[in-house]
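Right, one structure below, let's go through it.
The values are calculated or read from the model by the stated rules, or taken from the named source; none is laboratory data. These numbers come from a predicted model, not from an experiment. Glycine also receives a Cβ, built like all others from the backbone with ideal geometry; neighbour counts cover every protein chain displayed. Protein only, heavy atoms only, side chains kept; ligands, DNA and RNA dropped before computing areas. Shrake-Rupley method; radii C 1.70, N 1.55, O 1.52, S 1.80 Å.
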Number of protein chains: 2
Amino acid sequence: MPKVTFIGLGLDSERGITLEGLDAARNASSVFAEFYTNLMPNLDVANLERLVGKKVAVLNRQDIEDSHGKDVLLAAKEGDVTVLVPGDPMVATTHVALRLSLAKRGIESRIIHSASIISAVCGATGLQNYKFGRSVTLPAESTVPKSVIQTLVENKQRASHTLLFLDVRIEEKAQLTIPEAVEKLRKILPESSDWLAVGLARVGARDQLVKAARLDRLSKQTFGGPPQVMVFPSKLHFMEAEALKVFCGAEDGDLEGTA
Amino acid sequence: MPKVTFIGLGLDSERGITLEGLDAARNASSVFAEFYTNLMPNLDVANLERLVGKKVAVLNRQDIEDSHGKDVLLAAKEGDVTVLVPGDPMVATTHVALRLSLAKRGIESRIIHSASIISAVCGATGLQNYKFGRSVTLPAESTVPKSVIQTLVENKQRASHTLLFLDVRIEEKAQLTIPEAVEKLRKILPESSDWLAVGLARVGARDQLVKAARLDRLSKQTFGGPPQVMVFPSKLHFMEAEALKVFCGAEDGDLEGTA
């Protein structure tokens, strides 16, 4: 029986935990959570505590990274521990580091998966998973590493779609927005104004908003609060093009040259 | 209020549904499910019916593809409908086709996401999501399309990992196994014997088995039943190398030349 179980909370609120995950949290002797690897604006810690039937200790980045998960480690000496995390555990490197640190101390761990934006982006856009190339993050800083643009351009050349993550500023519970990202990209790479892109806000939430258009048109859209990501589609299968029209409001002009 | 809600069942059993998904299924007037887009050996339809509190009508490929979801369409005229599917909805093209067919008839739909192998593979291996290039499926047939090998080789050249899906034969509830896939690859591309690969069986289940080794060593492993996938890692970050050793049993010799 593993001593530490990492449990995904999915995309939107505490109700994104799976039945298996909820069971594990209810049966654990202590429950931790972290909310610094992604923003979950609709998650309510009080509701989460009511669901699992016990206090949830919220850990910040310092608690986990600087002290190598000392609190989790101490709790694991007393009984079974669960760590609740946004999305699907281990997609964030900090979880892998914590898991390795536990293993080094002889503490077994396991993962109970939940939804991640990585697969949800297919549902939200209708774009096919196997056509996605490498994903990349657009930083908030004014200087954008060459590798970001390179990934976008190379994926396009290889007829691969790109999932573009937008930098998160956890302390401010804010994020680089889609219109800000569009402006950055158009400044660095003027020819991108003509590119087809999809802006996705709050995927999985009731007020999910997904819009596909060429970048110049997308920059005029309002997307509201986080979390937000973007997708840059490449060559489209006819069903993908149809889905972008029907589910993401793409117009025929946006799709010209993508067949 | 959408009339049709597609709900993910996650990776392993009916307990991979989220709390939000379960609520939606309980409140729907009819509940459908399909189990042909992936194998879920630990899913028990009787347990699923007990959970949602009503009969679950299981649809096969013909029910959905040949008749454009006629049963779902008819039920949506009577009330709210849910369609339960393996993994995360819409990663399979057949779901997108059904959703488009509903939209054409003016029926709104939405998705309640759950875990998918696409992100779970990061947790199971410790490999970083943003380093994965395009994924590809190895077919069961004796002739393997050039594009499969090309994807593996090109990803490697670009220092990208590859997620390799193994062909599923739903009718027989069977799948191309990891050892079979290894033999196919070594025959087509003898130099791949030396490649580092990860075999993953039943990710998310209690008896999950994940083994990293060079292909010649991996071919001697036993992986048991489905579902199975493989990962071909490229250049490794030191934390990825560490994770492959600690969680996937890679030996130092397997990792030589991957730093």
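Descriptive notes on the structure:
- Summed over segment A:137-157, residues that are open to solvent by less than 30 Å² (accessible area, probe 1.4 Å) and either closer than 16 Å to A:Pro227 by Cα or among the hydroxyl-bearing types (Ser, Thr, Tyr) (or both) total 3.
- Residue within segment B:180-193 that is crowded, with 17+ Cβ neighbours inside 10 Å and either assigned by TED's automatic domain parsing to the domain that holds B:Pro41 or in contact (Cβ under 8 Å) with a residue 60 or more places away in the chain (or both) present: no
- Pairing residues of segment A:160-177 that are without any contact (Cβ under 8 Å) to a residue 40 or more places away in the chain with residues that are assigned to a strand (DSSP E or B) and open to solvent by 40 Å² or more (accessible area, probe 1.4 Å), at Cβ distances under 7 Å and at least 6 apart in sequence or on separate chains, gives A:Asp167/A:Thr137.
- Residue, nearest to A:Gly16 (Cα to Cα), within segment A:197-219, restricted to residues that are open to solvent by less than 10 Å² (accessible area, probe 1.4 Å) and in contact with a strand residue (DSSP E or B) (Cβ under 6 Å, 6 or more places away or on another chain): A:Ala201
Yes or no, residue by residue, for (1) more than 11 Å from every other protein chain (Cβ to nearest Cβ); (2) in contact with a helix residue (DSSP H, G or I) (Cβ under 9 Å, 6 or more places away or on another chain); (3) part of a loop (DSSP other than H, G, I, E, B):
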{"position": "A:Ala140", "(1), (2), (3)": "yes, yes, yes"}
{"position": "A:Val144", "(1), (2), (3)": "yes, yes, yes"}
{"position": "A:Asn155", "(1), (2), (3)": "no, no, no"}
{"position": "A:Lys184", "(1), (2), (3)": "yes, no, no"}
{"position": "A:Ser192", "(1), (2), (3)": "yes, yes, no"}
{"position": "A:Arg206", "(1), (2), (3)": "no, no, yes"}
{"position": "A:Lys211", "(1), (2), (3)": "yes, yes, no"}
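- Every condition in (1) outside any helix (DSSP H, G or I); (2) polar (S, T, N, Q); (3) more than 27 Å from B:Leu102 (Cα to Cα) is met by A:Ser234 except one, and the failing one is (3).
- If the condition is being in a loop (DSSP other than H, G, I, E, B) and either among the polar types (S, T, N, Q) or within 14 Å of another protein chain (Cβ to nearest Cβ) (or both), then segment A:194-204 contributes A:Arg202, A:Val203, A:Gly204.
Yes or no, residue by residue, for (1) aromatic (Phe, Trp, Tyr); (2) open to solvent by 10 Å² or more (accessible area, probe 1.4 Å); (3) away from chain B (no Cβ under 12 Å):
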site	(1), (2), (3)
A:Ala46	no, yes, yes
A:Gly53	no, yes, yes
A:Arg61	no, yes, yes
A:Ala75	no, yes, yes
A:Val91	no, yes, no
A:His95	no, no, no
A:Gly123	no, no, no
A:Leu127	no, no, no
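- B:Thr151 falls short of the stated requirement of being assigned to a loop (DSSP other than H, G, I, E, B), more than 16 Å from the chain's Cα centre (by Cα) and either of a type in the set (Val, Ile, Thr) or assigned by TED's automatic domain parsing to the domain that holds B:Ile17 (or both).
- Residue under evaluation B:Asn27, criteria (1) modelled with pLDDT of 95 or more; (2) open to solvent by less than 50 Å² (accessible area, probe 1.4 Å), criterion not met: (2)
- Within the option set A:Glu49, A:Glu65, being in a helix (DSSP H, G or I) and closer than 28 Å to A:Lys104 by Cα holds for one residue only, A:Glu65.
- For the criterion of being farther than 19 Å from B:Thr94 by Cα, crowded, with 21+ Cβ neighbours inside 10 Å and among the small types (Gly, Ala, Ser), B:Ser13 passes.
- Residue within segment A:107-114 that is within 10 Å of chain B (Cβ to nearest Cβ) and of a type in the set (Lys, Arg) present: yes
- Condition check for B:Lys131: surrounded by fewer than 24 Cβ atoms within 10 Å (Cβ to Cβ), within 14 Å of chain A (Cβ to nearest Cβ) and within 21 Å of the chain's Cα centre (by Cα): yes
- Segment B:77-89 - residue that is surrounded by fewer than 18 Cβ atoms within 10 Å (Cβ to Cβ) and not in a loop (DSSP other than H, G, I, E, B) and, of those, nearest to the other protein chains (Cβ to nearest Cβ): B:Lys77
- Residue list for segment B:101-121, restricted to those being closer than 27 Å to B:His68 by Cβ, in a helix (DSSP H, G or I) and open to solvent by less than 20 Å² (accessible area, probe 1.4 Å): B:Ser101, B:Leu102, B:Ile118
Okay, residues lined up against (1) out of contact with any helix residue (DSSP H, G or I) (no Cβ under 6 Å at 6 or more places or on another chain); (2) of a type in the set (A, V, I, L, M); (3) not assigned by TED's automatic domain parsing to the domain that holds A:Arg99:
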| residue | (1), (2), (3) |
| --- | --- |
| A:Ala28 | yes, yes, no |
| A:Val31 | no, yes, no |
| A:Met40 | yes, yes, no |
| A:Lys54 | yes, no, no |
| A:Val58 | yes, yes, no |
| A:Gly69 | no, no, no |
| A:Leu74 | yes, yes, no |
